[in-house]
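Peer 1: Right, I'll just put the structure down here and ask away after.
Read the figures in this text as sums done on the coordinates, not as results from a lab. Predicted, not measured: the structure shown is a model, and the values here were computed from it. So basically every Cβ, Gly included, is an ideal-geometry build from the backbone, and we count neighbours across all protein chains shown.
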Amino acid sequence: MTKIPRRPPAAVLRELRREVAFGCPVDGCARPYLEWHHFDPPWHVEPHHNVTGMVALCSEHHPQADAGAFTVEQLRAMKNAPLDRLAAIQGRFSWMRNDLLAVIGGNFFVRTPTIFTFRSEKRIWLERDEDGYLLLNVHMLSASGLPRARINNNYWIAKGDPSDLECPPSGKLLRIRYDNGDDLRVEFTELASLEAALARYSECPERLREHVTFPVTAVEVQMNVGGTDIRFGPKQTNIGSNTFVRSSLFVHCGTVLSL
């Protein structure tokens with residue numbers, strides 16, 4: 001007999017997030033840091049990934065559900081309740097560092113506060129707070145004219161009507177997608193050494209060691225503007241039909257990318 005992996009398939013996780021409007025459905029909660037709970041039947045009774053017998057819960061309420069805090073009927077009601085709480089889906093990156101390596105669209109930025117502007121308006125940039133910590137800011141672009149997600153000094157909020165929002169309990173990753181192709185992915189990661197950076201980023205310039213003290217925290221930003229040629233991908237940046245930047249290192253620069 002084939003053993004079922006504990007982690008559900010990606011399509012199942014997307015549906016579980018979507019049906020609770022991307023926030024924990026326990027009354028008064030709405031935390032976006034979601035896990036998955038098997039309740040009908042429980043996993044120990046029968047391993048399965050049947051969406052109808054599972055529900056997305058936050059990392060606080062999931063252990064309570066495992067302990068029996070909610071009945072099957074209550075959990076099913078949470079899945080089926082009409083939800084309109086998207087404006088409340090928000091969170092915060094707790095990664096507070098005096099130095100960050102920004103990896104934006106496959107390029108590397110060191111002590112470069114303003115990374116991307118659009119029509120003279122900042123869209124991806126870093127700010128220092130009163131304690132000297134570097135904080136991330138991202139204002140998504142969209143050709144749709146509709147509201148989109150924003151990150152203001154590490155605090156994020158889901159605006160508009162995302163088709164999917166992924167935010168694991170680790171709090172290091174945020175992925176927000178929209179039906180028109182708008183897409184934002186942000187992840188914080190620790191790099192112990194230049195070798196670790198080279199292992200994660202195959203085209204990382206070795207001269208990075210001249211400007212970065214390891215270990216260092218990297219913040220990765222990928223963003224796609226649906227229906228346009230503006231894309232900050234995992235390995236390259238495309239801004240406009242004639243602009244292509246790949247694996248460059250920017251140190252102590254002003255505004256680097258502008259449109």
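Peer 1: Given the convex hull over the Cα atoms of the chain, what projected area results after averaging over all orientations, in nm²?
Peer 2: 16.4 nm²
Peer 1: Here is a follow-up. For the charge dipole of the chain, defined by +1 on Lys and Arg C-beta atoms and -1 on Asp and Glu C-beta atoms about the Cα centroid, which residue among Ile230, Ala65, Ala77 has the Cα displaced farthest towards the positive pole?
Peer 2: Ile230
Peer 1: Hand me the GluC sites (Glu not before Pro) from the stretch 1-64 located in a DSSP loop with no more than 14 other Cβ atoms within 10 Å, in residue order please.
Peer 2: Glu60
Peer 1: Using the per-residue mean of other Cβ atoms lying within 10 Å as a proxy for protection, in what order, highest first, do the peptides 215-222, 25-32, 43-50 fall?
Peer 2: In descending order of packing, they fall as 215-222, 25-32, 43-50.
Peer 1: Continuing with the same structure: Can you tell me which aspartates and glutamates have their Cα less than 15 Å from the Cα of Lys172? Leave out same-chain residues fewer than eight positions away.
Peer 2: Glu35, Glu187, Glu190, Glu220
Peer 1: With the dipole of the chain worked out from charges on the C-beta (+1 for Lys and Arg, -1 for Asp and Glu) around the Cα centre, which of Ile115, Tyr155, Pro215 lies farthest toward the positive end?
Peer 2: Positive-most Cα among the choices belongs to Ile115.
Peer 1: Hey, got the dipole for the stretch 73-209? About the Cα centre, +1 on K and R Cβ, -1 on D and E Cβ, debye to the nearest 20?
Peer 2: 140 debye
Peer 1: Among the Cys residues of the chain, which have no other cysteine Cβ under 4.7 angstrom away?
Peer 2: For the chain, the answer is Cys167, Cys204, Cys253, because their Cβ atoms have no other cysteine Cβ under 4.7 Å.
Peer 1: Mind checking the angle between helix 10-19 and the chain's longest principal axis? C-alpha axes, 0 to 90 degrees, to the nearest 10.
Peer 2: Taking the Cα atoms of the chain, the angle to 10-19 is about 70 degrees.
Peer 1: Turning to a different aspect of this structure: Can you give the longest run of the chain that contains no trypsin sites (Lys or Arg not before Pro) sitting in a DSSP loop with at most 14 other Cβ atoms inside 10 Å?
Peer 2: 120-234
Peer 1: A follow-up question, please. Cα-Cα over 31 Å: which of Lys3/Lys235; Lys79/Lys235; Lys79/Lys159; Lys79/Lys122?
Peer 2: Listed pairs above 31 Å: Lys3/Lys235; Lys79/Lys235; Lys79/Lys122.
Peer 1: Ok, one more. Evaluate the charge dipole of the stretch 145-205 about its Cα centre and quote only its size in Debye, nearest 20, assuming +1 on the Cβ of each Lys and Arg and -1 on the Cβ of each Asp and Glu.
Peer 2: The dipole of the stretch 145-205 has a size of about 220 debye.
Peer 1: Can you check how the C-alpha radius of gyration of the stretch 148-256 compares to 2.2 N^0.38 Å, as a plain ratio?
Peer 2: Relative to the rule-of-thumb radius for its length, the stretch 148-256 sits at 1.18.
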